[in-house]
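Written out below as structure tokens is the structure these notes cover.
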Amino acid sequence: MDDEPITELRSVTGPRVFGYLRHITGSAARHTALAGCLTEYCRSHELTLCGVFTDRERAVAIRAPAFVGLLDALELPDAYGVLVPAFGHLGPRPVAAERKRQITATGVRLIVVRSARPQAGSKPLVRLQQQGGT
């Protein structure tokens, strides 16, 4: 009988993804929290986070340094996708649309951790308003 561990006990790498953050304001702790969000998402979805690219410039250019680095990484043969905490990390709408187009043109998936649209089957957000003077 073979003493090799069963598949569930072997160290298996999941699909390889790269994170992208646009972090122009906020503290180092905020950046760490955002990167941690990507790490946790990957852990819970069996993805391998291979790196996080972060643009910190206030000026919004479609071909910002970290974004160009991300596109280069997506050329690797085993790249599966790009992970962002929210769609807004791709930049303002016109820039985000072009970046999304460039990402999907590489043949990888764009994975958004917190989507702005409600998920199918989820309950709508209910806002409570104070009634009366009590």
How many residues are surrounded by 19 or more Cβ atoms within 10 Å (Cβ to Cβ) and under 15 Å from A64 (Cβ atoms) when one looks only at region 77-113? 7
Considering (1) loosely packed, with under 15 Cβ neighbours inside 10 Å; (2) without any contact (Cβ under 8 Å) to a residue 24 or more places away in the chain, say which one G69 fails and leave the rest. (1)
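Values in this text are rule-based calculations from the coordinates and carry no lab data. All of these numbers come straight from a predicted model, not from anything done at the bench. All Cβ positions, even for glycine, are placed from backbone atoms using ideal geometry, and neighbour counts span all protein chains on display.
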